[in-house]
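Q: Here it is: the structure, laid out below.
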Amino acid sequence: MRHVVAFNPYDYPKGVGRANRVASIYVAGARLPAIGPVVTRMENKPVLGIVLRGGLLDGSKLPEHYLAELRRVGRRRGYLRVAREVFRNVESMIAARALYGRVTAPVTLIYGDHDWSRLPDREANLALLRGARSISLAETGHFAALEQPARVAEILLDDHGA
């Protein structure tokens, strides 16, 4: 591996729950063993839109056709179970930070300046990843590819890893 470029790494507690109250309630419910399947089956386009817009500084950057595609894909067999398991295993993503010190490839961390992560979360990652550098995207939330697609493409296509 030549270089790691990570956009808004999700390795901190209460991530999507920081988006908005609907996201917090939805994710908390989806994580529950007994009622999680019921909660995820109840997801619909308006709720998904509210949750996702909580990850955008400018909620108008969530195109209606993209939201429709997410709903279409989300109805595939087994998808709801996978989504629940991702929510239920956030702790393992957080625990993986303990392995960051073993990363030897150059790392660039890119965060929207209005990401769900907080400055101490970002600084902790930089401290754990030797020689890592960080880029902050102005006027951007968690979903940088929706709010700054040209800048995201520029970073990914840069031979020097941003």
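The values are calculated or read from the model by the stated rules, or taken from the named source; none is laboratory data. Everything quoted here is computed from the prediction, not taken from an experiment. So basically every Cβ, Gly included, is an ideal-geometry build from the backbone, and we count neighbours across all protein chains shown.
Q: With the structure loaded, tell me whether L57 is in a helix (DSSP H, G or I) and either β-branched (V, I, T) or surrounded by 15 or more Cβ atoms within 10 Å (Cβ to Cβ) (or both) or whether it fails that test. Don't jump to the end; show me each part of the working.
A: Details: in a helix (DSSP H, G or I): no; either β-branched (V, I, T) or surrounded by 15 or more Cβ atoms within 10 Å (Cβ to Cβ) (or both): yes.
When the stated conditions are applied, L57 does not pass them.
Q: Looking at segment 106-119, is at least one residue without any contact (Cβ under 8 Å) to a residue 40 or more places away in the chain and more than 23 Å from Q148 (Cβ to Cβ)?
A: no
Q: What's the number of the only condition in (1) within 26 Å of V4 (Cβ to Cβ); (2) part of a loop (DSSP other than H, G, I, E, B); (3) out of contact with any Ser or Thr (no Cβ under 7 Å at 6 or more places or on another chain) that R76 fails to meet?
A: (1)
Q: Can you name the residue in segment 6-31 that is of a type in the set (A, V, I, L, M, F, W, C), touching a helix residue (DSSP H, G or I) at 6+ places or on another chain (Cβ under 7 Å) and outside any helix (DSSP H, G or I) and, of all such residues, is modelled with the lowest pLDDT?
A: A19
Q: Output the number of the condition that L67 fails; it satisfies all remaining conditions of (1) over 30 Å from A127 (Cα atoms); (2) loosely packed, with under 15 Cβ neighbours inside 10 Å.
A: Unmet condition: (2).
Q: What residue, of V103, V82, V90, is within 29 Å of I25 (Cβ to Cβ), β-branched (V, I, T) and either without any contact (Cβ under 8 Å) to a residue 12 or more places away in the chain or surrounded by fewer than 18 Cβ atoms within 10 Å (Cβ to Cβ) (or both)?
A: Of the residues listed, the single one that is within 29 Å of I25 (Cβ to Cβ), β-branched (V, I, T) and either without any contact (Cβ under 8 Å) to a residue 12 or more places away in the chain or surrounded by fewer than 18 Cβ atoms within 10 Å (Cβ to Cβ) (or both) is V82.
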